[in-house]
Structure formats: C-alpha cells, structure tokens
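Q: Input: one structure, supplied below.
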Amino acid sequence: MSDQILYKIPGKKIIHQFGVFKQIDISDKEINGFVVCAYESDKRYVFQVDKSAKSDYHFNIDTHQHLSEKEYNKKASAFLSAVKMLGLKKAVLSRTKEVSFDAMDAQLVFNYLAENHPNAFVYLISSTQFGTWLGCTPELLIEIHKNTAFTMSLAGTKAVNDEDEWTEKEKNEQSFVTEFIVDEFSKMGISGIEMHGPYPFNAGPVKHLRTDISFDIGNKKPIEIAEIIHPSPAVSGLPQSFACELIKHAESHKRNLYTGFLGFISPSSTRLYVNLRCCQLYEKKAVLYLGGGFTKDSTPNNEWLETEEKSKTLISAITAINDNK
C-alpha cells in the first residue's frame, strides 16, 4: 500500500499526491520534495511521487497517557520548579488530548481547516512509516526564494479576543525566540539579517506575538538553515540543550512528529513549517498534541488554559464536520 500527502500552502492551491515516504539519512543535505522531520530530528522522510499509486490511511497501534487537569497541574508545578532551579529562561511542556473522531472524515476536516484558516499551512499525511497526521500550523520555519530567506519567531499566547496588554511573561517568551534565532544565524556567518516586530498575529482561536526575520541564505542549503533553528525555543526552550533534556524527562509521551517540521523543498523555492496545532489520527479517535511555554513567571493553571485554547483549532473543525453529518 502506498502513502499520500494532502496539503495547502497559504495563497496556493491544494496539492494531493500518492507515492511513498522514504526515510533518509539526516546527514543528507541534498533534499528535494515534500519532507517530514520528527521533533528529535532522528527520523526524516522525503516523499516520492507515484502517479499510478492509490492509498488508504495508515494507522499506528499506540497507547497514550492523557493527563487530567489535576494530573497536568501536578506535573506542571514540578516542571516549573525545575525551570526555576535550573535557571532556564524558558521550557515547553506538552501534553496529549484524545477526542472521538472517525478517520474517514479526515479529508472533510482538512477541507474545513483549509477554508477557515487561509494563513496557515494545512496538511493531511499518511504513511506506513509514521501513521496518519493532520495539522493546521501558523508557524513558518523557513521560506526561501533564490538567495533571500525568511523566518519568524512566534511565541506568547492568549485568546484571540483577549484585549488586555501583553504581559512581561508573554513578551519575554517571544523575545527569547527572536534572540536565539538571530544569535544562531550570526554564529553561522549568515548576513543581511533584518527584523520587523514584534506584533500581534491571530492564529484561529489564539493570538501570538510575532517577529519577522529576513536574511541572506548565502551558500547554505535549506535543510541546513532548518537545522540551525530547529527545535527553536518556541517548541523547546532556552538554553536549548538543557530545555530539551528537561522535556525528555518530564513528558510522559513521545512527541513524534509534533514540533518537528514539514513542507516542500525545491531548487527554486522552499517552505517549511513547524508542526503545531496537529494531531495523530486513528480509526476512531484523534490524539492532539498541545504545548505551553514555561518561564519563571508561569502558573500551571494558566498553561493548562493555554493548551485548551490551542486545542480549539482542531476540535472546532472536527465538531463542525460532525454537526453537518
């Protein structure tokens, strides 16, 4: 059985193709096509089109430990204590949430998301390698046209209808991401760095602070630029290595493709997106992955509420399809 990809880049037409995902060596920099990279970067796949192929959905057999609000708050309190004790500027704790869902409606949900979130990268991918995933991510990892490249730092979250001033916690959380990206680019000798922001950016039921960053790619390959940024403090923390180690010990689930990246690389242009607002699909359920950024000023209950707000992007789409049956 073959694999499939269905995706829509903002401002572009929907692409639907069949073929096979081939796992590639992470040392390979000469990548062209639709690429998927896991959070830990230990698994990377590129899609090879086969116009004669057709495919059903592929489902993994996994078990997940879904935390109740009480269990989450207990874990989040310990996580926050570790952030303070280790002196981390930021660390991201994620959880999973299960909702009932008929996977045969996956394309209907994709169509709903593509129509209602025109500024997001919307995708539905299925493979024997990693199962079936659906997402609607607002965060661009990198866009390249010839020698000009663009990325964004996107962090700090609150409900889209919240008119209060951004808090220092939210401003700091976002500035950490911006500083990390600019510092890493400078270390790699990347030039022509220009910034615009931060400014509020709506992403469905929530909004974030966003800074746009443009730069010259020079002789770097697209995947090399992606590796410089990934996993950014927006999905891991800062200092990056310590935050990733804390995440590994704190989270009771594997992130798999969540907070990895995916998108298209070609000789003329590249668009890769951070895999947020996503879920893994099974025959009768969807498992959502939801994260919140902890700084010393965080409170566990507020982070729980933030993850609940983020879940609404997918849950509202699933609900809309179910209500129309």
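The values are calculated or read from the model by the stated rules, or taken from the named source; none is laboratory data. Please read all numbers here as calculations on a predicted model, not as lab measurements. Positions of Cβ are generated from backbone atoms using ideal geometry, with glycine treated the same way; all protein chains shown enter the neighbour counts. Areas reflect the complete protein model, heavy atoms only, side chains present, ligands, DNA and RNA absent. Shrake-Rupley method; radii C 1.70, N 1.55, O 1.52, S 1.80 Å.
Q: Percent relative contact order of the range 2-41, based on C-alpha pairs within less than 8 angstrom and at least six residues apart?
A: So the answer I get is 31 percent.
Q: Sticking with this structure for a sec: Can you give the accessible area of His145 in Å² (nearest 10), computed on protein heavy atoms with a 1.4 Å probe?
A: Counting only protein heavy atoms, the figure is 90 Å².
Q: Let me ask something else about it. In what sequence, highest mean first, do 297-305, 177-185 appear when ranked by Cβ atoms within 10 angstrom? Before the final figure, lay out the partial values.
A: On the way: 297-305: 17.3, 177-185: 19.6.
By packing density, highest mean first, the sequence is 177-185, 297-305.
Q: What is the range 37-157's relative contact order, in percent, from Cα pairs under 8 angstrom and six or more apart in sequence? Spell out each step's value before the answer.
A: On the way: 85 pairs, mean separation 24.4, N = 121.
This gives 20 percent for the range 37-157.
Q: Moving on to the next point. Return the sequence-ordered ³J(HN,Hα) values of the range 56-70 in whole Hz as given by the Karplus equation 6.51 cos²θ - 1.76 cosθ + 1.60 applied to θ = phi - 60°, using x for Gly and Pro.
A: 3J(HN,Hα) across the range 56-70, in whole Hz: 8, 7, 10, 10, 7, 10, 10, 10, 10, 9, 8, 7, 6, 4, 5.
Q: What's the carbon and sulfur percent of the chain's accessible surface, probe 1.4 angstrom, rounded to a whole number?
A: Details: 7290 of 14460 Å².
Carbon-and-sulfur percentage of accessible area, whole number: 50.
Q: Roughly how many whole Å is it from the C-alpha centroid of the range 55-117 to that of the range 155-212?
A: The two parts, judged by their Cα centres, are 22 Å apart.
Q: In Å², what does the accessible area per residue of the range 169-281 work out to with a 1.4 Å probe?
A: 38
Q: Mind checking which of Lys22, Lys70, Lys171 has the largest fluctuation in a GNM of the chain, springs on alpha carbons under 10 Å?
A: Lys70
Q: On a full-extension model of 0.36 nm per residue, what is the gain between Asn322 and Asp28, subtracting their alpha-carbon distance, rounded to one decimal in nm? Could you put the intermediate results ahead of the total?
A: Working: separation 294, 0.36 × 294 = 105.84 nm, distance 4.27 nm.
Stretched fully, the Asn322-Asp28 segment lengthens by 101.6 nm.
Q: At 1.4 Å probe size, with no ligands or nucleic acids counted, give the accessible surface of Met85 in Å², nearest ten.
A: Using a 1.4 Å probe on the heavy atoms, I get roughly 150 Å².
Q: Still on this model: Averaged per residue, what accessible surface does the range 1-68 expose to a 1.4 Å probe, in Å²?
A: In whole numbers, the range 1-68 has 58 Å² accessible per residue.
Q: Accessible area per residue for the range 108-159 in Å², computed with a 1.4 Å probe and the full protein assembly in place, what is it?
A: Values: 1580 Å² over 52 residues.
Solvent-accessible surface per residue comes out at 30 Å².
Q: Okay, which of the range 153-169 sit inside 15 Å, backbone N to the point 7 Å along the Cα-Cβ direction of Asn302?
A: 156-159, 162-169
Q: Relative contact order for the chain: what percent, with Cα pairs under 8 Å and sequence separation of 6 or more? Working shown, then result.
A: Numbers: 704 pairs, mean separation 88.3, N = 325.
RCO, the chain: 27 percent.
Q: While we're here: How much length, in nm to one decimal, is gained on full extension between Ser241 and Asn219, taken as 0.36 nm per residue of separation minus their Cα-Cα distance? Let's see the in-between values first.
A: On the way: separation 22, 0.36 × 22 = 7.92 nm, distance 2.67 nm.
5.2 nm is the gain from fully extending Ser241 to Asn219.
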